[in-house]
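The values are calculated or read from the model by the stated rules, or taken from the named source; none is laboratory data. Only a predicted model underlies this, so the values are computations on that prediction, with no experimental measurement involved. No Cβ is skipped: glycine too gets one built from the backbone with ideal geometry, and neighbour counts run over all protein chains shown. What goes into the accessible areas is simple: the full protein's heavy atoms, side chains included, and nothing from ligands, DNA or RNA. Shrake-Rupley method; radii C 1.70, N 1.55, O 1.52, S 1.80 Å.
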Amino acid sequence: EARFGHACAVLDGKIYVAGGYDGNCLSTVECYDPARDEWQAVAPLHTGRDEHGMVALGGKLYVAGGSDGADTVTGSVECFDPARGTWEAVAPMRTARSAFAAAAIGGKMHAIGGTGDDHDPLASVECYDPARDEWSEAAPLPEARYCVPGVAA
């Protein structure tokens, strides 16, 4: 499916592509299996979003934040369990953000910079602990940034 503003992550040797924009915000999710050289659709997100972040942690995928395509920025977070094939809501970010970097470090998801509802760049960084299902503040960036590329750990 053609899209831009989507998020990608690798889980169990497969590439997952979630959400994005094609004139509308997408909730679709596709998975590429390089061993079979094929794409397949998986369960869609509950919320269509673009300019969001996605990471793989502990055998699951986490999609956070983004925009609904109508200038509304969200802090909602969804978790995909491939064993069950379903998405479920988890604790939302403290700050709604889009166009941010997402990184998985030390078993936690980090949301770095981005923009909020006012479209001003953010310097804030927050960290999600899936074991506790909670977000905490981390040291802020020295300077606000948005449209930050993803980070590989």
### Query
Which one is nearest to Arg3 (Cα to Cα), of the residues in the stretch 17-32 that are more than 11 Å from the chain's Cα centre (by Cα) and open to solvent by less than 30 Å² (accessible area, probe 1.4 Å)?
Leu26
### Task
Go through (1) farther than 25 Å from Ile112 by Cβ; (2) open to solvent by less than 10 Å² (accessible area, probe 1.4 Å) one by one and return the number of the condition Pro44 breaks.
(2)
### Unmet criterion (only one of (1) out of contact with any Cys (no Cβ under 8 Å at 6 or more places or on another chain); (2) modelled with pLDDT of 95 or more; (3) closer than 16 Å to Leu57 by Cα) for Ala153
(2)
### Task
Considering only the stretch 1-49, give the strands (runs of 3 or more DSSP E) lying wholly within it that have at least 3 residues that are out of contact with any Phe, Trp or Tyr (no Cβ under 7 Å at 6 or more places or on another chain) and more than 20 Å from Ala104 (Cα to Cα).
38-42
### Summary
A careful count of residues in the stretch 50-88 that are part of a strand (DSSP E or B) and touching a residue at least 12 places away in the same chain (Cβ under 8 Å) gives 20
### Task
Would you be able to tell me the number of residues in the stretch 109-130 that are within 11 Å of Ala99 (Cβ to Cβ) and outside any strand (DSSP E or B)?
4
#### Entry: Failed criterion for Arg94 (all others in (1) assigned to a strand (DSSP E or B); (2) surrounded by fewer than 19 Cβ atoms within 10 Å (Cβ to Cβ) hold)
(1)
